Amino acid sequence: MLRSDIFPSPSPLHIPDGFLSMGVLIVCWILSIIGIGVALVRTRRALGERQVPVMGVLAAFIFAAQMLNFTIAGGTSGHFLGAALAAILLGPWAAMLTMTTVIAIQALLFQDGGLLALGGNILNMAVIGPIVAYGFYRGVRTLLGNRRGSTLVAGFVAAWVSIVVAAVACAMELGFSGTSPIGISLPAMAGIHALIGIGEGLITVGALALVLTTRPDLVEAERAPVPAGMRWVWGGLAIAIVLTLLSPLASPHPDGLERVAEDLGFIERAQEPLYEVIPDYVFPGIPNEALATIAAGIVGTLIVYGIAVGLAALFRRREQVA
Amino acid sequence: MHLHALDTYQPGESPVHRLDPRVKLVLTVLFILTAALTPDRAWLIFGLLEALILAAILASQVGLGLVQKRSALALPFLLAALTVVFARPGDMGEGRILPLPGTPWAVSEAGIGRFLSIVARSYLSVQAAVLLAATTPFPDLLWGMRALKVPRLLVAVGGFLYRYLFVLADEARRMMQAREARSAVPSNGRGGRSIAWRARVTGAMAGSLFLRAYERSERIWAAMVARGYDGEVRVLSIPTLRPMDWRAGIGWGLTLTVILIAAYGLYK
């Protein structure tokens, strides 16, 4: 039986083999292994002998939950990655190991994502995803206080950000590998996943609401003390900003455009429309293109954070009125 | 319907099935590595690698059609790479540029070569991975990974995932069946009420699936402790490699190395 018979659509986040260059693969593997290594030590301390059964069954849960889908319109359907839900319910370290196992077994058993490319897929969905999700979750909750509504808003934000950041990381890996020009793949991946992320956010909120009602003790409430919590907030924000900082460098030939313009004047005409897809990504008024992109990236990240805080404040007021 | 059919293993008695899982794992990764390191546009080498994997598929008797059908799953991702066809800045020096009549875009010869090389690498790799999964029972893969020094905890979690995947996937399927029984699906294919409402219902399903999984894991843990579990995962002794495994491993490993050296000799 094909995996696609059961799982509606292969996620565009699972990179197959052959798409990443050796250099990118090595960097991804090193970062993934560091993340997994730290997570292994941390979960052993936190879960002890319950580690294997709890994480194993919950990894199976993430896998099975990815089957759940809902109709968006016509034949398309939204479904679920689960990194944010896992990070919120299990804590970031256990979530990293759970997601790592899920992604590894998807690749081994169903060829959903490549075997060598696992380094990149684990980095995007099992390391960066949970860290960023947990950081934004803690951040929004710290700003909002400990209420039911704020947990749900934080859950939505965390889920959305985790999907978009994973997509951006994926686009950058493809860009650095010379597989897909970053000027096209980054806006395309980020755009598609900004929509997919909404579905992920809604499902995560639905799941959180149910767990909050029936087993509130399971929702990571006050498990981590505030200082440690703040570290996650900064960590999540830092990864989001570092990714935007790196994005303009992701072209393997940063001066390629200029050289082409000189060597073959007529190509310039052909190139231009492709790069006009992203005028919004370049900040007006800054002469250096790379600097402008970086500025745009940072401003964008801050705006997303601002919107999250604003939404949260709105929610809080409504709850006080009610 | 039970989801045991989800298992991708195809039982068989071929030499590929009988090969030690450690050797198969290492050779699969080596094959994918060779494909990844082969330079762009090394068509002869890609052809040789395809011949090798086809020979292995035929020897395994799992069926050529089955492997190709499963391998096609990776193809949609190629859309992401299609963009390199359009005049790629770095490779402009070599090859011709063909403007597409009627559009402002141009296609570069180097870009097409690069795209087809990515297609070749990706398809070669996925065939090897399909063959591995089709000829090796998953528990064997697990102890193979354990023997190859994958962290013990990850392998143990992977084992649990595999054991309970089918249980929880059945549960998820029952929940979806129940949802359909409660709310008939309109014939126009669109669900009822708003998207947000549908997403919330799905979210609630994910939530209750989580609770059932969590509570199940608590019961499993209690049962394991009752049987003397102390946090250590112990495995049965791992068999030593047979001469046949050594021969296959070294033979294929050397072949792949020679192919890779030839690739660099011929194309660089």
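Each reported figure results from applying straightforward, stated rules to the coordinates on display, with no laboratory input. In this text the structure is predicted, and so the values were computed from the model without any measurement. In this analysis, Cβ positions are derived from the backbone assuming ideal geometry, glycine residues included, and neighbour counts consider all displayed protein chains.
So what is the calculated 222 nm ellipticity per residue for chain B, using -39500 (n - 2.57) for each DSSP H run with n of 4 or more, over all residues, to the nearest 500 deg cm²/dmol?
The helix contribution divided over chain B gives -22500 deg cm²/dmol.
Using r as the Cβ-Cβ distance of B:Ala59 and B:Leu236, and R0 as 35 Å, what FRET efficiency do you calculate, to the nearest 0.05?
In this case the efficiency is close to 0.75.
Pull up all non-local amide H partners of B:Val107: gap of 5 or more, or a different chain, and H-to-H distance under 5 Å with H placed in the peptide plane.
Amide H to amide H, under 5 Å and 5 or more residues apart or across chains, B:Val107 pairs with B:Ala87, B:Leu98, B:Leu100.
Among B:Thr38, B:Thr240, B:Thr28, which one shows the highest mean-square fluctuation when chain B is modelled as a Gaussian network with alpha-carbon springs under 10 Å?
B:Thr240
Given just the C-alpha atoms of region B:190-248, how large is their convex hull per residue in cubic angstrom?
So the per-residue hull volume is 192 Å³.
Rounded to the nearest 0.05, what FRET efficiency do B:Tyr264 and A:Arg44 give with R0 = 45 Å and r taken as the Cβ-Cβ distance? Could you check?
Efficiency, from the Cβ-Cβ distance: 0.55.
Just in region B:137-242: which GluC sites (Glu not before Pro) are loop by DSSP and have at most 16 other Cβ atoms within 10 Å?
Passing sites in region B:137-242 are B:Glu232.
Just tell me, in residue order, which DSSP H segments of chain B are both 18 angstrom or longer along the helix axis (alpha-carbon based) and at least 1.0 in mean Kyte-Doolittle hydropathy.
Long hydrophobic helices here: B:21-37, B:43-60, B:109-135.
Arrange B:Leu142, B:Leu78 by Cβ neighbour counts within 10 Å, fewest through most, would you?
Fewest-to-most Cβ neighbours within 10 Å comes out as B:Leu78, B:Leu142.
Please list B:152-159, B:108-115 highest first by mean number of surrounding beta-carbon atoms within 10 Å per residue.
In descending order of packing, they fall as B:152-159, B:108-115.
Looking only at other chains, what is the average number of their beta-carbon atoms within 10 angstrom of each beta-carbon in A:198-211?
Shielding by partners across A:198-211 averages 6.
Could you identify which residue out of B:Trp246, B:Trp197, B:Trp143 has the top mean-square fluctuation in a GNM of chain B using Cα springs shorter than 10 Å?
The residue with the greatest mean-square fluctuation here is B:Trp197.
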